[in-house]
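One structure is given below, encoded as C-alpha coordinates.
The values are calculated or read from the model by the stated rules, or taken from the named source; none is laboratory data. Keep in mind it's a predicted model, so treat the numbers as computed, not measured. Glycine gets a Cβ as well: all are built from the backbone with ideal geometry, and neighbour counts include every protein chain shown.
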Amino acid sequence: MNAQNLRLLNTLPPIETLVCFEAVARCGSFTRAGRELSITQSAVSKQIKTLEDALHCALFDRHARGIQLSAAGARFLEELEPLLYKLQRAIAKAQYEQDSQAVSIACTQAVAHFWLFPRIVRFNQQYPEITISVISGNNINERSCSESDLGILYGDGDWPTLESAPLFPEVVYPVCSPDLKIATPAAPADLRSLPLIQLDSRQWDCLDWQDWFAHFEVPYQIPRNAITFNQVTLAFNAAVEGLGVSLGWDFMASRAIASGELIQVGNFAYETGRSDYLVRAKYRPLTRPAVIFRDWLIAEI
(Lines give C-alpha, C1' and ligand atoms only; values in the text may rest on other atoms or scores of the structure.)
Protein backbone atom coordinates (compact mmCIF):
# COMPACT_ATOMS: atom_id res chain seq x y z
CA MET A 1 0.00 0.00 0.00
CA ASN A 2 1.52 3.30 -1.04
CA ALA A 3 1.73 6.50 1.04
CA GLN A 4 -1.12 8.16 -0.86
CA ASN A 5 -3.50 5.31 -0.04
CA LEU A 6 -2.42 5.42 3.60
CA ARG A 7 -3.19 9.13 3.77
CA LEU A 8 -6.60 8.45 2.23
CA LEU A 9 -7.42 5.79 4.82
CA ASN A 10 -6.40 8.16 7.61
CA THR A 11 -9.10 10.61 6.48
CA LEU A 12 -11.90 8.04 6.76
CA PRO A 13 -14.15 8.05 9.84
CA PRO A 14 -13.96 4.91 12.04
CA ILE A 15 -15.97 2.05 10.53
CA GLU A 16 -18.00 1.66 13.74
CA THR A 17 -19.38 5.21 13.32
CA LEU A 18 -20.56 4.37 9.80
CA VAL A 19 -22.22 1.13 10.92
CA CYS A 20 -23.85 3.00 13.81
CA PHE A 21 -25.14 5.74 11.50
CA GLU A 22 -26.70 3.19 9.12
CA ALA A 23 -28.41 1.43 12.03
CA VAL A 24 -29.83 4.68 13.45
CA ALA A 25 -31.02 5.80 9.99
CA ARG A 26 -32.75 2.46 9.44
CA CYS A 27 -34.21 2.08 12.93
CA GLY A 28 -35.19 5.74 13.33
CA SER A 29 -34.05 5.76 16.95
CA PHE A 30 -30.80 5.84 18.92
CA THR A 31 -32.32 3.43 21.45
CA ARG A 32 -33.45 0.83 18.90
CA ALA A 33 -30.14 1.08 17.04
CA GLY A 34 -28.26 0.52 20.31
CA ARG A 35 -30.41 -2.52 21.06
CA GLU A 36 -29.63 -3.93 17.61
CA LEU A 37 -25.89 -3.26 17.96
CA SER A 38 -25.78 -4.42 21.61
CA ILE A 39 -24.48 -1.07 22.88
CA THR A 40 -26.03 1.65 25.01
CA GLN A 41 -28.04 4.60 23.70
CA SER A 42 -25.30 6.87 25.03
CA ALA A 43 -22.66 4.98 23.05
CA VAL A 44 -24.76 5.35 19.91
CA SER A 45 -25.07 9.08 20.52
CA LYS A 46 -21.30 9.41 20.91
CA GLN A 47 -20.64 7.48 17.70
CA ILE A 48 -23.00 9.73 15.75
CA LYS A 49 -21.43 12.84 17.28
CA THR A 50 -17.97 11.59 16.25
CA LEU A 51 -19.15 11.02 12.69
CA GLU A 52 -20.89 14.41 12.49
CA ASP A 53 -17.71 16.11 13.74
CA ALA A 54 -15.68 14.25 11.11
CA LEU A 55 -18.07 15.24 8.33
CA HIS A 56 -18.67 18.79 9.64
CA CYS A 57 -22.44 18.51 9.27
CA ALA A 58 -25.52 17.39 11.19
CA LEU A 59 -26.78 14.01 9.96
CA PHE A 60 -30.02 14.08 11.96
CA ASP A 61 -32.58 16.70 12.85
CA ARG A 62 -33.36 16.27 16.55
CA HIS A 63 -36.77 17.31 17.85
CA ALA A 64 -39.12 16.52 20.71
CA ARG A 65 -40.77 13.59 18.93
CA GLY A 66 -37.47 11.93 18.02
CA ILE A 67 -34.97 12.18 15.19
CA GLN A 68 -35.15 12.41 11.42
CA LEU A 69 -32.46 12.29 8.77
CA SER A 70 -31.32 15.76 7.74
CA ALA A 71 -30.93 16.55 4.05
CA ALA A 72 -27.18 15.97 4.40
CA GLY A 73 -27.79 12.73 6.28
CA ALA A 74 -30.14 11.41 3.60
CA ARG A 75 -27.58 12.15 0.88
CA PHE A 76 -24.81 10.51 2.90
CA LEU A 77 -26.92 7.40 3.56
CA GLU A 78 -27.65 7.08 -0.15
CA GLU A 79 -23.92 6.95 -0.87
CA LEU A 80 -22.92 4.88 2.17
CA GLU A 81 -25.51 2.10 2.06
CA PRO A 82 -24.27 0.37 -1.13
CA LEU A 83 -20.67 0.62 0.11
CA LEU A 84 -21.54 -1.08 3.41
CA TYR A 85 -23.49 -3.66 1.43
CA LYS A 86 -20.41 -4.42 -0.69
CA LEU A 87 -18.24 -4.66 2.42
CA GLN A 88 -20.73 -6.98 4.10
CA ARG A 89 -20.85 -9.14 0.98
CA ALA A 90 -17.04 -9.33 0.81
CA ILE A 91 -16.85 -10.38 4.47
CA ALA A 92 -19.56 -13.01 3.99
CA LYS A 93 -17.73 -14.35 0.93
CA ALA A 94 -14.45 -14.59 2.83
CA GLN A 95 -16.17 -16.34 5.72
CA TYR A 96 -17.89 -18.72 3.34
CA GLU A 97 -14.60 -19.68 1.70
CA GLN A 98 -13.17 -20.56 5.12
CA ASP A 99 -16.27 -22.31 6.45
CA SER A 100 -17.97 -24.97 4.34
CA GLN A 101 -20.92 -24.92 6.76
CA ALA A 102 -21.72 -21.24 6.06
CA VAL A 103 -24.70 -20.17 3.95
CA SER A 104 -25.07 -16.61 2.62
CA ILE A 105 -28.47 -15.09 1.82
CA ALA A 106 -29.20 -11.63 0.39
CA CYS A 107 -32.43 -9.73 1.06
CA THR A 108 -33.79 -6.29 1.88
CA GLN A 109 -33.40 -4.86 5.37
CA ALA A 110 -37.14 -5.12 6.05
CA VAL A 111 -37.30 -8.78 5.02
CA ALA A 112 -34.16 -9.55 7.04
CA HIS A 113 -35.46 -7.86 10.18
CA PHE A 114 -39.15 -8.77 10.18
CA TRP A 115 -39.35 -12.08 8.29
CA LEU A 116 -35.99 -13.83 8.03
CA PHE A 117 -34.37 -13.19 11.42
CA PRO A 118 -36.99 -15.04 13.55
CA ARG A 119 -36.67 -18.00 11.20
CA ILE A 120 -32.89 -18.02 11.39
CA VAL A 121 -33.20 -18.25 15.18
CA ARG A 122 -35.44 -21.32 14.84
CA PHE A 123 -33.22 -22.83 12.16
CA ASN A 124 -30.12 -22.37 14.31
CA GLN A 125 -31.80 -24.23 17.15
CA GLN A 126 -32.22 -27.25 14.86
CA TYR A 127 -28.95 -26.93 12.92
CA PRO A 128 -26.40 -25.20 15.21
CA GLU A 129 -23.52 -26.39 13.01
CA ILE A 130 -24.71 -24.29 10.02
CA THR A 131 -23.92 -20.56 10.01
CA ILE A 132 -26.32 -18.23 8.16
CA SER A 133 -24.76 -14.98 6.91
CA VAL A 134 -27.39 -12.36 6.03
CA ILE A 135 -26.46 -9.67 3.49
CA SER A 136 -29.12 -6.97 3.65
CA GLY A 137 -29.62 -3.82 1.59
CA ASN A 138 -32.41 -2.10 -0.29
CA ASN A 139 -30.55 -2.20 -3.59
CA ILE A 140 -30.52 -5.98 -4.05
CA ASN A 141 -31.32 -7.29 -7.52
CA GLU A 142 -30.91 -10.36 -9.73
CA ARG A 143 -27.15 -9.94 -9.91
CA SER A 144 -26.50 -9.41 -6.20
CA CYS A 145 -28.71 -12.37 -5.30
CA SER A 146 -26.75 -14.60 -7.66
CA GLU A 147 -23.55 -13.68 -5.82
CA SER A 148 -24.89 -15.25 -2.61
CA ASP A 149 -25.93 -18.85 -2.02
CA LEU A 150 -29.56 -17.75 -1.72
CA GLY A 151 -31.57 -14.56 -2.00
CA ILE A 152 -35.05 -13.26 -1.25
CA LEU A 153 -36.15 -11.11 -4.16
CA TYR A 154 -39.38 -9.20 -4.79
CA GLY A 155 -41.09 -9.40 -8.18
CA ASP A 156 -43.01 -11.74 -10.44
CA GLY A 157 -40.68 -14.73 -10.03
CA ASP A 158 -39.26 -14.62 -13.56
CA TRP A 159 -35.50 -13.91 -13.64
CA PRO A 160 -33.33 -15.33 -16.45
CA THR A 161 -30.41 -16.38 -14.25
CA LEU A 162 -32.30 -17.40 -11.09
CA GLU A 163 -34.44 -20.29 -9.95
CA SER A 164 -37.25 -19.09 -7.70
CA ALA A 165 -39.79 -20.42 -5.22
CA PRO A 166 -42.56 -18.20 -3.77
CA LEU A 167 -42.29 -17.36 -0.09
CA PHE A 168 -45.05 -14.84 0.67
CA PRO A 169 -47.38 -12.63 -1.40
CA GLU A 170 -47.36 -8.84 -1.23
CA VAL A 171 -50.36 -7.66 0.79
CA VAL A 172 -50.40 -4.00 1.89
CA TYR A 173 -52.81 -2.29 4.28
CA PRO A 174 -52.86 0.78 6.57
CA VAL A 175 -51.59 0.36 10.14
CA CYS A 176 -51.14 2.57 13.18
CA SER A 177 -50.55 2.44 16.91
CA PRO A 178 -53.62 1.52 18.99
CA ASP A 179 -52.90 4.70 20.99
CA LEU A 180 -53.49 6.92 17.95
CA LYS A 181 -56.99 8.35 18.31
CA ILE A 182 -58.53 8.33 14.83
CA ALA A 183 -61.95 7.56 13.40
CA THR A 184 -62.35 4.16 11.75
CA PRO A 185 -62.60 4.75 7.98
CA ALA A 186 -65.63 3.31 6.21
CA ALA A 187 -64.02 3.48 2.75
CA PRO A 188 -60.48 3.86 1.41
CA ALA A 189 -61.16 7.49 0.50
CA ASP A 190 -61.74 8.29 4.20
CA LEU A 191 -58.07 7.60 4.90
CA ARG A 192 -57.08 10.80 3.10
CA SER A 193 -58.16 12.88 6.12
CA LEU A 194 -55.90 10.93 8.50
CA PRO A 195 -52.25 11.76 9.33
CA LEU A 196 -50.57 9.55 6.72
CA ILE A 197 -46.87 8.78 7.05
CA GLN A 198 -45.37 9.10 3.58
CA LEU A 199 -42.84 6.73 2.01
CA ASP A 200 -40.45 8.14 -0.59
CA SER A 201 -39.87 5.01 -2.69
CA ARG A 202 -38.24 6.57 -5.74
CA GLN A 203 -34.97 4.69 -5.24
CA TRP A 204 -36.42 1.18 -5.33
CA ASP A 205 -39.45 -0.79 -6.51
CA CYS A 206 -41.90 -0.17 -3.68
CA LEU A 207 -45.49 1.03 -3.23
CA ASP A 208 -46.34 4.41 -1.75
CA TRP A 209 -49.65 5.96 -0.71
CA GLN A 210 -50.39 7.24 -4.22
CA ASP A 211 -50.02 3.71 -5.61
CA TRP A 212 -52.17 2.28 -2.84
CA PHE A 213 -55.00 4.79 -3.33
CA ALA A 214 -54.80 4.37 -7.12
CA HIS A 215 -55.60 0.66 -6.71
CA PHE A 216 -58.90 1.68 -5.07
CA GLU A 217 -59.47 4.36 -7.75
CA VAL A 218 -59.15 7.13 -5.18
CA PRO A 219 -57.37 10.36 -6.26
CA TYR A 220 -54.68 11.38 -3.81
CA GLN A 221 -52.12 14.16 -3.60
CA ILE A 222 -49.34 14.08 -1.03
CA PRO A 223 -49.81 17.04 1.36
CA ARG A 224 -47.05 19.57 1.72
CA ASN A 225 -44.87 19.13 4.82
CA ALA A 226 -46.11 15.56 5.37
CA ILE A 227 -43.96 13.27 7.53
CA THR A 228 -41.84 11.40 4.98
CA PHE A 229 -39.28 8.61 5.22
CA ASN A 230 -37.21 6.94 2.51
CA GLN A 231 -37.09 3.54 4.24
CA VAL A 232 -39.97 1.11 4.79
CA THR A 233 -38.64 0.26 8.25
CA LEU A 234 -38.54 3.94 9.27
CA ALA A 235 -42.15 4.53 8.18
CA PHE A 236 -43.18 1.35 10.00
CA ASN A 237 -41.41 2.41 13.21
CA ALA A 238 -43.01 5.85 12.96
CA ALA A 239 -46.40 4.15 13.00
CA VAL A 240 -45.40 2.07 16.04
CA GLU A 241 -44.40 5.30 17.82
CA GLY A 242 -47.82 6.82 17.13
CA LEU A 243 -46.80 9.47 14.58
CA GLY A 244 -49.56 8.54 12.14
CA VAL A 245 -50.88 5.90 9.76
CA SER A 246 -48.36 4.01 7.65
CA LEU A 247 -48.60 1.48 4.88
CA GLY A 248 -47.98 -1.95 6.39
CA TRP A 249 -46.74 -4.95 4.48
CA ASP A 250 -48.32 -8.08 5.90
CA PHE A 251 -44.98 -9.89 6.35
CA MET A 252 -43.92 -7.00 8.61
CA ALA A 253 -47.18 -6.03 10.25
CA SER A 254 -48.92 -9.33 11.05
CA ARG A 255 -46.82 -10.12 14.13
CA ALA A 256 -47.11 -6.55 15.45
CA ILE A 257 -50.88 -6.70 15.00
CA ALA A 258 -51.09 -10.09 16.73
CA SER A 259 -49.11 -8.73 19.70
CA GLY A 260 -51.24 -5.56 19.93
CA GLU A 261 -48.37 -3.26 19.00
CA LEU A 262 -50.24 -2.13 15.86
CA ILE A 263 -53.77 -2.27 14.54
CA GLN A 264 -55.03 -2.45 10.97
CA VAL A 265 -56.86 0.74 9.99
CA GLY A 266 -60.05 -0.23 8.19
CA ASN A 267 -60.62 -3.45 6.30
CA PHE A 268 -58.84 -2.54 3.08
CA ALA A 269 -55.92 -4.57 1.75
CA TYR A 270 -54.16 -4.32 -1.60
CA GLU A 271 -53.03 -7.73 -2.87
CA THR A 272 -50.68 -6.73 -5.68
CA GLY A 273 -50.20 -10.14 -7.30
CA ARG A 274 -46.44 -9.94 -6.74
CA SER A 275 -44.46 -11.85 -4.12
CA ASP A 276 -41.11 -12.30 -2.45
CA TYR A 277 -39.26 -15.34 -3.78
CA LEU A 278 -36.47 -17.51 -2.48
CA VAL A 279 -33.95 -17.50 -5.33
CA ARG A 280 -30.62 -19.05 -6.26
CA ALA A 281 -28.30 -18.89 -9.26
CA LYS A 282 -29.16 -21.46 -11.93
CA TYR A 283 -25.55 -21.94 -12.99
CA ARG A 284 -24.10 -22.80 -9.55
CA PRO A 285 -25.04 -25.89 -7.52
CA LEU A 286 -25.93 -25.35 -3.88
CA THR A 287 -23.77 -26.68 -1.08
CA ARG A 288 -25.32 -29.26 1.22
CA PRO A 289 -25.86 -26.69 4.05
CA ALA A 290 -27.54 -24.31 1.57
CA VAL A 291 -29.84 -27.11 0.39
CA ILE A 292 -30.76 -27.88 4.00
CA PHE A 293 -31.54 -24.22 4.74
CA ARG A 294 -33.49 -23.75 1.49
CA ASP A 295 -35.62 -26.83 2.08
CA TRP A 296 -36.19 -25.85 5.71
CA LEU A 297 -37.36 -22.34 4.76
CA ILE A 298 -39.77 -23.65 2.14
CA ALA A 299 -41.14 -26.24 4.57
CA GLU A 300 -41.65 -23.46 7.14
CA ILE A 301 -44.19 -21.71 4.92
Practice item. Output the number of residues of region 224-254 satisfying the condition of being over 18 Å from the mean Cα position of the chain (by Cα), surrounded by fewer than 22 Cβ atoms within 10 Å (Cβ to Cβ) and touching a residue at least 24 places away in the same chain (Cβ under 8 Å). Key: 5
Review point. Only one of these conditions is not met by Arg119: (1) within 30 Å of Gln210 (Cβ to Cβ); (2) in contact (Cβ under 8 Å) with a residue 12 or more places away in the chain; (3) among the basic types (Lys, Arg). Which number is it?
Key: (1)
**Study point:** Members of region 281-301 found to be touching a Ser or Thr at 6+ places or on another chain (Cβ under 8 Å) and either at pLDDT 95 or above or surrounded by 18 or more Cβ atoms within 10 Å (Cβ to Cβ) (or both), listed by number
**Key:** Ala281, Pro289
Revision key, fill the gap. By residue number, the members of region 189-198 that are in contact (Cβ under 8 Å) with a residue 40 or more places away in the chain and in contact with a strand residue (DSSP E or B) (Cβ under 9 Å, 6 or more places away or on another chain) are Leu191, Leu194, Pro195, Leu196, Ile197
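Conditions (1) surrounded by fewer than 20 Cβ atoms within 10 Å (Cβ to Cβ); (2) within 25 Å of Ser254 (Cβ to Cβ); (3) not assigned by TED's automatic domain parsing to the domain that holds Trp249, marked per residue:
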| position | (1), (2), (3) |
| --- | --- |
| Thr108 | no, yes, yes |
| Pro118 | yes, yes, yes |
| Pro128 | yes, no, yes |
| Ile135 | no, yes, yes |
| Glu142 | yes, no, yes |
**Study point:** Output for region 255-268, where each listed residue is in contact with a Pro (Cβ under 9 Å, 6 or more places away or on another chain) and crowded, with 16+ Cβ neighbours inside 10 Å
**Key:** Leu262, Ile263, Gln264, Val265, Gly266, Phe268
Practice item. Working only within region 39-87, note down all residues that are at positive phi and surrounded by 15 or more Cβ atoms within 10 Å (Cβ to Cβ). Key: Gly66
Check your understanding: Say we look at region 23-64 and pick out the residues that are in contact (Cβ under 8 Å) with a residue 24 or more places away in the chain, hydrophobic (A, V, I, L, M, F, W, C) and not in a helix (DSSP H, G or I); which of these is nearest to Ala239 (Cα to Cα)?
Key -> Phe60
Review point. In the list Thr272, Thr287, which residue meets the criterion of being among the hydroxyl-bearing types (Ser, Thr, Tyr) and more than 25 Å from the chain's Cα centre (by Cα)?
Key: Thr287
Point to revise | Residues that are at pLDDT 85 or above and under 13 Å from Pro289 (Cα atoms), drawn from region 77-105 | key: Ala102, Val103, Ser104, Ile105
Review point. In region 212-223, how many are in contact (Cβ under 8 Å) with a residue 40 or more places away in the chain and part of a helix (DSSP H, G or I)?
Key: 2
Review point. Given the conditions (1) surrounded by 15 or more Cβ atoms within 10 Å (Cβ to Cβ); (2) not in a loop (DSSP other than H, G, I, E, B), which single one is not true for Pro166?
Key: (1)
